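Take a look at the structure set out below.
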Amino acid sequence: MDIPAITRAMREEIVRRGLEPTKIKELNLDVKEKHNIFGEETLRSKWAEDLNLSRRGEVVYFAGCSASYTYPKTAKATVKILSEAEVDVAYLGEDEWCCGAPALWTGDTRLFKEIIKHNLSAIEASGAKRVVVSCAVCYNSLKTHYSSVIGRLPFKVLHVSEVIADLIHSGNISLQPIKKRFTYHDPCHLGRDEKIYEQPREIIKKIPQAEFCEMQRNRKSSACCGEGVVVSIVFPNLTRKISANRINAAKETKADAVVTCCPGCVTTLTKAAAWLKSREDTEIEVYELPILVAEAMGLKL
């Protein structure tokens, strides 16, 4: 049984009746009117101002809301990694809207279809043959849920971990030593949904002098970080409990840092790590994968 699909159908009925929580209504209004999940008025493309990226090209980077506003270093890292590997990367700028995941997962199907129509039009106008995505949620939306609505996409959607792993394998990327012990957290939408488990691990293991260790729950059995696209908005206490459990699991491996491929996971795990540090005086870093790779390449962000 497809439990997520059943849940989305139930939420669609809630939205049709106008019974969704106020915070969800406000979130989707921001997505509809301001095209981002934060209600930001500032330019989405501010992070790319000094990069001189073309608006057209065969490879387009889809940054997503979080990398655009909250984690601009992730967006810059992704672009600089690709550029260093001599991959010409384009960027949609203000024509990029939220991927629509909040609308999808809260049951606002009409809004989700509006977003699909706009983003597909913008991507097609760019001439893209490949769209590279660093956010697990955006990747799942573009690759799987867009095609479930419109059918086969006219371009290929790739997660940044797939691209980086291939570039390392081909010798187009070389990594410098980082002497740390790492573990990896599988984002739900990248792991269970899209079955991308090995590439992030392969990348970490390719860093000279880096140690890699697994948490007890990993890959398809991985525990959620607690963010859940919109769970943290409506049930913040539940999110805190789940994320604290996950950080504790990471600490049990004796890792210096936990790496992940989702900005939502980065947010919840970073907060949990800070909360636990204040109580136990032990520290664990949280990396988003492109940031770690950029560090290993010696790139300035």
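The values are calculated or read from the model by the stated rules, or taken from the named source; none is laboratory data. From a predicted model like this one, the values you see are computed outputs, not experimental measurements. Using ideal geometry, Cβ is built from the backbone for each residue, glycine included, and neighbour counts are taken over all protein chains shown. Accessible surface areas use protein heavy atoms only, side chains included; no ligands, DNA or RNA. Shrake-Rupley method; radii C 1.70, N 1.55, O 1.52, S 1.80 Å.
Karplus couplings for the range 95-111 from phi (6.51 cos²θ - 1.76 cosθ + 1.60, θ = phi - 60°), rounded to Hz, Gly and Pro as x?
Couplings: 6, 7, 10, 3, 5, x, 4, x, 5, 4, 7, 9, x, 8, 5, 4, 5 Hz.
Heavy-atom accessible area of V89 with all protein chains present, probe 1.4 Å, nearest 10 Å²?
It works out to around 20 Å².
Per 0.36 nm of contour for each residue apart, how much would the distance between S83 and K25 grow if the chain were fully extended, relative to their Cα-Cα spacing?
16.9 nm
Mind listing the lone cysteines of the chain, meaning no other Cys beta-carbon sits under 4.7 Å from theirs?
C65, C98, C188, C213, C224, C261
Trypsin sites (Lys or Arg not before Pro), restricted to the range 1-99: which are DSSP loop and have at most 10 other Cβ atoms within 10 Å?
R17
Given the pairs K80/K179; K251/K271; K254/K277; K46/K76; K34/K73, which are separated by over 19 angstrom at their Cα positions?
Check vs 19 Å cut-off fails for K80/K179; K34/K73.
Could you check the spin-label model distance between R279 and Q209? Points 7 Å from the Cα along Cα→Cβ, value in nm.
Distance between the two pseudo-spin positions: 3.5 nm.
Under a 5 Å amide H to amide H cut-off, with H placed in plane at 1.01 Å, what residues pair with E285 once short-range neighbours are removed?
A257, V258
Remind me, relative contact order of the chain in percent, using alpha carbon pairs under 8 angstrom and six or more residues apart?
Relative CO of the chain lands at 18 percent.
Compute the whole-percent fraction of alpha carbon pairs in the range 52-185 spaced more than 27 Å apart.
Counting pairs separated by more than 27 Å, the tail of P(r) holds 21 percent.
Spelling out what I want: for every residue of the range 239-246, take phi, set θ = phi - 60°, compute 6.51 cos²θ - 1.76 cosθ + 1.60 (Karplus), and round to whole Hz; glycine and proline get x.
With coefficients 6.51, -1.76 and 1.60, one gets 4, 4, 5, 5, 5, 5, 4, 6 Hz.
Return the distance in nm (one decimal) between the two label points of a simple spin-label model at R55 and S174, each offset 7 Å from Cα along Cα→Cβ.
The answer from the label model is 3.8 nm.
In nanometres, what is the gap between the two model label sites at I6 and Q216, each 7 Å from Cα along Cα-to-Cβ?
2.9 nm
Which distance in Å, rounded to a whole number, links the C-alpha centroids of the range 11-73 and the range 233-301?
With the range 11-73 and the range 233-301 each reduced to a Cα centre, they are spaced 23 Å.
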